[in-house]
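Student: Okay, here's the structure, questions in a sec.
Read the figures in this text as sums done on the coordinates, not as results from a lab. None of these values were measured; they are calculated from a predicted model. Positions of Cβ are generated from backbone atoms using ideal geometry, with glycine treated the same way; all protein chains shown enter the neighbour counts.
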Amino acid sequence: MKISVLCLWIALSAACLGQVAAPASKVDKVQYQGSKVIVSPGSRILAAPEEVTLPFNIVVKTNGTYTVKEGSLRALQEGDSLGADGMLSKADGTITPVFDHVSRQRGRVRLFKDGQGSDPSEVLKLADGTAISPDGKIIVPNGSSRFLLDGEIFKLEGGVVAARDTITKQNGRVMVQKDGSTVPVEPGRSIMMNDGTKVLSDGTVIKANGEQSVLTEGQVITIEGVVARPR
């Protein structure tokens, strides 16, 4: 009895002094480099048989494969980075969600489930009551409606996901990901991004505040993507 009381007193004292087991550290992202999975923060190499779990029920294994909601096995490629936001960033500057979602690409509504895309033939009902038709019309539970924008992303659970665009230089060519598509900036031309950033074909990047920089080979700049403005 005395031992039990003593143990209880020690446990309570430790708790009061903050001497309790620390929670598992949060994983911000995993990167696949040199056939190794590198976990951040800390740049720790994932060692077998350990696995890393990210939000959206994403589980990453030491061999660079991962699953989403216990679905099909997918593989990370060299230079890939998978974030806690469920976004897969590739070395070529493209960013795509790995979780199930609906988006619009070049005017086409696309449904992505377990990593596979399809063209829906009927109205999609999201878990929060939002309806998205094959022509891109969105009707929210309160009855208001609008059309899905190119590059806009909806989770199947409902709710818009913040889209991100990128600007990069690959093999001497300036490329941008904008509105869900990747396009080159043709010589002598420029492209205005959704956040007001202007991209020139020579790699000059001019932000909306006037700040300028010049892309280097392989550099990727991530910026805010398409945003649906309140009507």
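Student: How many of the residues making up region 125-155 are surrounded by fewer than 17 Cβ atoms within 10 Å (Cβ to Cβ) and within 21 Å of Pro97 (Cα to Cα)?
Tutor: So the answer is 7.
Student: Further question: Taking Val185, is it without any contact (Cβ under 8 Å) to a residue 12 or more places away in the chain and farther than 24 Å from Arg74 by Cβ?
Tutor: Spelling it out, it is not the case that Val185 is without any contact (Cβ under 8 Å) to a residue 12 or more places away in the chain and farther than 24 Å from Arg74 by Cβ.
Student: Moving to a separate point now. Sort out which residues of region 182-191 are surrounded by 11 or more Cβ atoms within 10 Å (Cβ to Cβ) and more than 21 Å from Lys207 (Cβ to Cβ), and write them in order of number.
Tutor: Scanning region 182-191 gives a single hit, Glu186.
Student: What is the residue count in region 157-181 for residues that are polar (S, T, N, Q) and surrounded by 22 or more Cβ atoms within 10 Å (Cβ to Cβ)?
Tutor: 2
Student: Within region 153-225, considering only strands (runs of 3 or more DSSP E) that don't extend past its boundaries, which have at least 2 residues that are within 25 Å of Arg108 (Cβ to Cβ)?
Tutor: 153-155, 164-170, 173-178, 181-184, 190-192, 220-224
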